[in-house]
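The values are calculated or read from the model by the stated rules, or taken from the named source; none is laboratory data. Keep in mind that this is a model prediction, so the values were computed, not measured. Using ideal geometry, Cβ is built from the backbone for each residue, glycine included, and neighbour counts are taken over all protein chains shown. Each accessible area value is taken on the protein alone, full model and side chains, heavy atoms only, with ligands, DNA and RNA left out. Shrake-Rupley method; radii C 1.70, N 1.55, O 1.52, S 1.80 Å.
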Amino acid sequence: MAAYYVTTPIYYVNDAPHIGHAYTTTAGDVLTRWRRQRGEKVWYLTGVDEHGTKVQRAADAGGVTPQEWVDRLVDQAWRPVLETIDAANDDFIRTTETRHREGVRRFWERVRENGYVYEADYEGPYCVGCEEFKLPGDVITGEGGEQLCPVHGRPVEMLSETNYFFKLSAFTDALIAHYEANPTAVEPVSAYNEVMSFLKAGLVDISMSRSSVSWGIGLPWDDKQVVYVWFDALLNYATAVGYGADPDSPEGAMFANTWPADVHLVGKDILRFHAVYWPAMLLAAGVELPRKVFAHGWLLVGGEKMSKTRLTGISPEQITDHFGADAFRYYFMSAINFGQDGSFSWEDMSARYTAELANGLGNLASRCTAMVQRYREGSLPAPGESTDAEKSLQQMLVSVSEKADAAMCALDFSTGIGHIRSFVDAVNLYVTESEPWVLAKDEANAQRLDTVLYTIAESLRAIAVLYHPVMPTTMRSLWQQLGADRMLGPIGEASVVDAARWGQLPAGAPVTKGDALFPRLEDPDA
Ligand code: MSP
């Protein structure tokens, strides 16, 4: 079975991660956990981009070699952040690894053999922040007349050197035809339109090597130059799954089963690299094109892209230490429409945590387990006959889970989560209206109380499964409190497409009241 293959950008290790980086990785993690719980085979890759001028300068400033610099930051910051946000990636690639270096050299050798590489002089404005030669329309003029990068707000540097060029211009028509035939290969629509208009203006050749940079992968045919950092980095998606390996080796089989990527997740700032340069490179080497590039928006601070350069980066731990990893994942995936920009604010996050998680879901779970303990000694009762109230909840669950599945598969996480949340709200309303605490006062209502308790617990069973890709730790804990791990097995193996089938949690399930799923938080400023 071919794997559903999802990638994040590989992050520059010039500095430690901020929540903008964690945002993309979280989205990929929610998507791949959802797909895994649909029973699909999945491969989820993330990693780091270690070469180039930006990293070299950071190492110089830190007084260490680039290799020492990247080794330290990867161990102390970039691998740990995956734990901080509870990412279940299958692999982590570093561009300094041998598997990558060899694959990159093989790839460019092939492109050169195919006639798409030539030597030439180049002079132009370069932004080290972007690691990119800027085209005439890409720079803005500052107050003093200087040329600035619009992404980093910093002056560009004029570079002039002799290096090797990639014949990007040869692929204009092929890429236009590809995207016309595959209109969902770049999403959202705004990104698709941006790529199409860039292509329709015509592509110009672009340098693929650097003679003035030493920290990189040497060209196979000229060891005085290194591969331009982007044309090294993009290849990680292929080298990590075995590009260039002997087809009969395990790595070769991996490539056959995994490539092409199903989704490259990227921030909108690096769309052109992924939707224009990368597929052109693949066409030049005769490799199949990825199925989709999805460009999400930026996390903004004061209306501008959050970044270390602008000194507006917030580290993921600052948030997870207070709210927990699951609330971090829930908040960023539900409060911001994936594909659009969004602003983070501590107040908004606190308000949603309290309303939707602590009061909404957490309260429902603790009421349920407390009542089964109190009224039925912790053993889930068998339900009696369903009334309209139960039937309509069951029907709602069917439609909610179908809509959530469609939205999550379409990377519309906020809509998907919104559907699940609407079911949580409906169950809370059901509890209020059916008043189990009143039923419990009269033995004559025993069977009705059984039905109500069962309905709440079984609804929570479905909610735990549907929310597990978003909030793996708390939903595992809810699953245990419902006794579902003992009766139904591990939650990670519970199918999201089967979640709405009513009656899975058997009577007699041992229900226990555990710790609050979402404890009430102290005000950090109090
Ligand atoms: N190394 C390149 C990518 C190479 S991929 C072959 C790079 N690295 S980066 O560290 O600067 O940023 C990578 C990604 O981090 C962005 O595309 C985006 O996914 C994420 N983000 C960085 N800042 C962000 C925000 N402020 N908001 C949302 N995402 C952001 O570019």
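Working from Cα positions, state the angle (0 to 90°, nearest 10) between the long axis of helix 172-181 and the longest principal axis of the chain. Once rounded, the angle reads 20 degrees.
Over the range 345-493, with every protein chain in place, what whole percent of the accessible area is carbon and sulfur at 1.4 Å, could you tell me? Provide the component values of the computation, followed by the final result.
Values: 2960 of 6050 Å².
Carbon plus sulfur share of accessible area: 49 percent.
Each Lys or Arg adds one and each Asp or Glu subtracts one; over the other residues with Cβ under 14 Å from the Cβ of Asp121, this totals -3.
Rolling a 1.4 Å probe over the protein heavy atoms leaves Glu522 with an accessible area of roughly 150 Å². The shape of the range 93-191 comes out oblate: with a ≥ b ≥ c from the C-alpha gyration tensor, a/c is at least 1.5 while a/b does not beat b/c. Ordering Gly244, Phe171, Gly324 by the projection of their Cα atoms onto the charge dipole of the chain, which places +1 on the Cβ of Lys and Arg and -1 on the Cβ of Asp and Glu, puts Gly324 at the extreme positive end. Placing unit charges on the Cβ atoms of the charged side chains and taking the dipole of the chain about its Cα centre, the candidate lying farthest along the positive direction among Phe294, Ser386, Thr65 is Ser386.
In loop segments of the range 302-354 as defined by DSSP, there are no trypsin sites (Lys or Arg not before Pro) with at most 11 further C-beta atoms inside 10 Å of their C-beta. With bins 10 Å wide beginning at 0, the percent of Cα pairs of the range 295-432 falling in each bin runs 10, 31, 31, 18, 8, 2, 0. Between Asn359 and Asn445, full extension at 0.36 nm per residue minus the direct alpha carbon distance yields a gain of 28.2 nm.
Could you give the size of the charge dipole of the chain about its Cα centre, using +1 on the Cβ of each K and R and -1 on the Cβ of each D and E, expressed in debye and rounded to the nearest 20? Can you show the working numbers first?
Numbers: 45 positive and 70 negative charges, 154 e Å.
Result for the chain is approximately 740 debye, rounded to the nearest 20.
Non-local amide H neighbours of Leu300 (under 5 Å, H modeled in plane, Pro and chain starts lacking H): which ones? Counting only residues 5 or more places away or on other chains, the set is Met306, Gly342, Ser343, Phe344.
Each DSSP beta bridge with both residues in the chain is either parallel or antiparallel, and the antiparallel ones are about 50%. In units of the compact-protein estimate 2.2 N^0.38 Å, the range 345-493 shows a Cα radius of gyration of 1.06.
For the range 119-124, putting each phi into the Karplus relation 6.51 cos²θ - 1.76 cosθ + 1.60 with θ = phi - 60° gives couplings of 8, 7, 8, 9, 9, x Hz, in residue order, rounded to whole numbers and with x for Gly and Pro. Residue by residue, the range 392-407 carries 3J(HN,Hα) couplings of 6, 5, 4, 5, 4, 4, 4, 6, 4, 6, 5, 5, 5, 4, 4, 5 Hz when phi is fed to the Karplus relation 6.51 cos²θ - 1.76 cosθ + 1.60 (θ = phi - 60°); x denotes Gly or Pro.
In the chain, helices alone account for a calculated mean residue ellipticity at 222 nm of -13500 deg cm²/dmol, with every DSSP H run of four or more residues adding -39,500 (n - 2.57). Among the cysteines of the chain, those with no neighbouring cysteine Cβ under 4.7 Å are Cys368, Cys409.
Projected over all directions and averaged, the alpha-carbon convex hull of the chain occupies 27.3 nm². Debye-formula intensities of the range 286-362, expressed as log10 I(q)/I(0) at q = 0.20 Å⁻¹, are -0.94 (one equal scatterer per alpha-carbon, no solvent). Whole-Hz Karplus values for the range 306-313 come out as 5, 7, 5, 4, 8, 6, 10, x Hz, taken residue by residue from phi with 6.51 cos²θ - 1.76 cosθ + 1.60 and θ = phi - 60°; glycine and proline positions read x.
Which is farthest toward the positive dipole end of the range 345-493 among Val398, Val431, Leu482, measuring Cα position about the Cα centre, with Cβ charges +1 (Lys, Arg) and -1 (Asp, Glu)? Farthest towards the positive pole: Leu482. Amide H contacts of Glu131: none lie under 5 Å away among residues 5 or more positions distant or on a separate chain (H built 1.01 Å from N in the peptide plane; Pro and chain starts excluded).
Close amide-amide hydrogen proximity is noted between Ser379 and Val511, each under 5 Å apart and 5 or more residues distant or on a separate chain (H modeled in the peptide plane; Pro and chain starts excluded). Distance from the Cα centroid of the range 175-236 to that of the range 398-454 is 48 Å (rounded to whole angstrom).
What the Kirkwood sum gives for the range 296-337 is a hydrodynamic radius of 11.3 Å, with every pair of different alpha carbons counted.
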